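One structure is given below, encoded as structure tokens.
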């Protein structure tokens, strides 16, 4: 198991390094001088030269890459051209919000996807099955920005039930200031016992989490349905049925548990996918995550920030894959013996 | 057991429902002004080097020696109670206001103002060039600043600039730590508001609170706090305003802006800015090196069509200097109006046009700017019937600029579309940056060279300090010269379309300070 884990970690690090080098080279090959974004629109040639030197852009590409890697290992991910702040500090302030949203979205997806998939399998070919399959297609194929606007229109504009944007009601900052530990308002409010902010943060989380969760919910529902139907054909289910267990137990206890293995893999992968997929949703719900940061970075050719966001997402992807590998190896010893 | 689970689930649902009640959050409190912008507010914190979106907040924290009044087209007293210059405009004396304190508690003195300006000059970043004419600064007494200039310049206008002109307390932190102190989210100005909190990356990124010792006092009706909201989506911004949760939205799209007309709670305003969209024509290489072709392009553009397509987001630009700024003329000899007949005749004279040799031009603009995209599309369709094909290339600004500045003329574009606006109220900014002869291209992206115009702009800069009417007359001649040579097509002036709650009284756009709302001057509804 240790050798298996070491091999996987090593491979993951190589992938991350490759992604960084590739992003670095692409960002540098694109014509344009990031220093022009740093120094502002009406800068003089002397100011521009000084900015290029200060940002290290006047050094050869291999030297820049080497310095970058050295910096990454020592916690220096460079200075953002757009925000003029250290990239790592920007990411530390932004990434938790995205992670909070994705985790909430996955909880929504699991809460909907597993029962829906189970129901579809239980009543295969019936109305519930058709409804779940239709809902899954809807969740997977629907443009997130459109879904977001519709939900805003219904729940904020018409029903006045849920907030339209933000992570919590900003007026609480003056009446109930939130102590920041993790940059995740729900967690921070819970830890500090700030219940007004906690309630506000939860309600602010609902709409964006539903929108981001729509895709994984569709995937998970279809995966559970297919997996349960596969399991139902196996010998142990015939045995359980022959022993006279009620159908509810057959599905919920004996068919669902083995069927959840592939769902675990999918959930881990969808987590990483959703992190990148939240960008547009964050913009619509004014969610202070990586989305707007990445969009600004791309627009201003903010190479350190672009590479920083790419590196972060690559790490999450590799981490998620590693987790899947470990979970599968734990569940199925044949995998680690291969 | 099952009953327990059901009960627990019901309790959880009830809790969420209870939380959801009133989940829309409190509306903007009557004494808090909430400003909605689309991107991060505080890019820079240092008042000497800041040169970005932070102007919208810093203008409420900091003040300048003078302030430009677009109605009188003059700089007027702000931290300086009066100012004067010698006849040549080389020595300027500013008398400072007494009883003003910085947010650090220290008093504003001539020595403190001098220290702030000298630090800006020393750091030489952002718009520090506005102090370029300054040779030395003297402080003959506690409240008098005397600037000795290297050459005549309108220092009253320079001192009213939107960037690099802030007067602040350089002793707010030890000199070596001052920049870091600012970046940590502090301010050291004299303005009506000071930092309450800064939440980087949050929806309400910055909150300012009233500075109790502000020199104009707090009698009467004033907002006590200012919040800066970052809302990237215009539809979300419109919903927040409609629900009364924010006071002011910097910019919506023209359709959403128009949707608020007739609203009982939301007002709309439109005012011409000083930001104009210019299409630079390559005067050095390709078909546009021929002046007749450039003039033909200038005649072929459907100016009114572009403005109509932008649905009120733009207004016509005659010449180079935008309306509202001295040096602007509503009509100029040789101004271009759409005239396809003339365009065809000029093209034919140059050997091009329908039935003759075809022209292919590359046009570059900034990716993601929907107005520029629309203009590029319209230009492409307007020029096609003249046998002029336009290849549109959208790219990030650094990429577009790098292509335009390329030392290899073959790599440059034929048409470069970009906005320009001044850092202080002087038409000189357009001429010296965009049309002065350059050995290596920088912002002169038409690659235009006219020694006579170079001499005229140098003279105009000096006249602005000593004889404004003569300077205005000179700027008229310079604009006529540019119209004749046609190195640039002035496409339009952007119009600021604002939406704000009707409960906000006294809002007036000042184009000299783009997107700034001077919150102290507003009156909240009682």
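Evaluate the stretch A:206-217: report whether one residue or more is facing another protein chain (nearest Cβ under 9 Å), in a helix (DSSP H, G or I) and surrounded by fewer than 22 Cβ atoms within 10 Å (Cβ to Cβ).
Within the stretch A:206-217 (the criterion being facing another protein chain (nearest Cβ under 9 Å), in a helix (DSSP H, G or I) and surrounded by fewer than 22 Cβ atoms within 10 Å (Cβ to Cβ)), the answer is yes, since at least one residue qualifies.
Can we say residue A:147 is within 21 Å of the chain's Cα centre (by Cα) and more than 7 Å from chain B (Cβ to nearest Cβ)? Yes: the conditions hold for residue A:147.
If we scan the stretch A:168-184, do we find a residue that is at pLDDT 90 or above, in the same structural domain as residue A:150 (by TED's automatic domain parsing), in contact with a helix residue (DSSP H, G or I) (Cβ under 9 Å, 6 or more places away or on another chain) and not in a loop (DSSP other than H, G, I, E, B)? No: the stretch A:168-184 contains no residue that is at pLDDT 90 or above, in the same structural domain as residue A:150 (by TED's automatic domain parsing), in contact with a helix residue (DSSP H, G or I) (Cβ under 9 Å, 6 or more places away or on another chain) and not in a loop (DSSP other than H, G, I, E, B). Against the criterion of being touching a strand residue (DSSP E or B) at 6+ places or on another chain (Cβ under 9 Å), buried (at least 24 other Cβ atoms within 10 Å of the Cβ), within 11 Å of chain A (Cβ to nearest Cβ) and farther than 20 Å from residue B:418 by Cα, residue B:209 does not qualify. Looking only at residues in the stretch A:78-97 that are more than 13 Å from residue A:56 (Cβ to Cβ), crowded, with 21+ Cβ neighbours inside 10 Å and in contact with a strand residue (DSSP E or B) (Cβ under 9 Å, 6 or more places away or on another chain), the one that is modelled with the lowest pLDDT is A:80. Filtering B:398, B:441 for residues that are buried (at least 17 other Cβ atoms within 10 Å of the Cβ), within 26 Å of the chain's Cα centre (by Cα), at pLDDT below 95 and closer than 30 Å to residue B:474 by Cβ leaves a single hit, B:441.
Just give me the residues in the stretch A:69-90 being within 14 Å of chain B (Cβ to nearest Cβ) and not in a loop (DSSP other than H, G, I, E, B), in sequence order.
A:79, A:86, A:87, A:88, A:89, A:90 - these are the residues of the stretch A:69-90 that are within 14 Å of chain B (Cβ to nearest Cβ) and not in a loop (DSSP other than H, G, I, E, B).
In the stretch A:157-181, the residue that is surrounded by the most Cβ atoms within 10 Å (Cβ to Cβ) out of those that are facing another protein chain (nearest Cβ under 7 Å) and touching a residue at least 12 places away in the same chain (Cβ under 8 Å) is A:167.
Which of the residues belonging to the stretch B:227-243 are assigned to a helix (DSSP H, G or I), more than 7 Å from every other protein chain (Cβ to nearest Cβ) and touching a residue at least 40 places away in the same chain (Cβ under 8 Å)?
B:234, B:237, B:238, B:241
Applying the criterion of being out of contact with any helix residue (DSSP H, G or I) (no Cβ under 6 Å at 6 or more places or on another chain) and part of a helix (DSSP H, G or I) to the residues of the stretch A:185-199, the residue that is nearest to the other protein chains (Cβ to nearest Cβ) is A:195.
Looking for something surrounded by fewer than 16 Cβ atoms within 10 Å (Cβ to Cβ), more than 13 Å from chain B (Cβ to nearest Cβ), under 25 Å from the mean Cα position of the chain (by Cα) and in contact (Cβ under 8 Å) with a residue 12 or more places away in the chain - is there at least one such residue anywhere in the stretch A:109-121? Within the stretch A:109-121 (the criterion being surrounded by fewer than 16 Cβ atoms within 10 Å (Cβ to Cβ), more than 13 Å from chain B (Cβ to nearest Cβ), under 25 Å from the mean Cα position of the chain (by Cα) and in contact (Cβ under 8 Å) with a residue 12 or more places away in the chain), the answer is no, since none of the residues qualifies.
Considering each residue of the stretch B:193-223, count those that are over 29 Å from residue A:285 (Cβ atoms) and assigned to a loop (DSSP other than H, G, I, E, B), and give that number.
Qualifying residue count for the region: 12.
The values are calculated or read from the model by the stated rules, or taken from the named source; none is laboratory data. Quantities reported herein were computed from a predicted structural model and do not represent experimental measurements. Note that we place each Cβ from the backbone using ideal geometry, even for glycine, and neighbour counts take in every protein chain shown.
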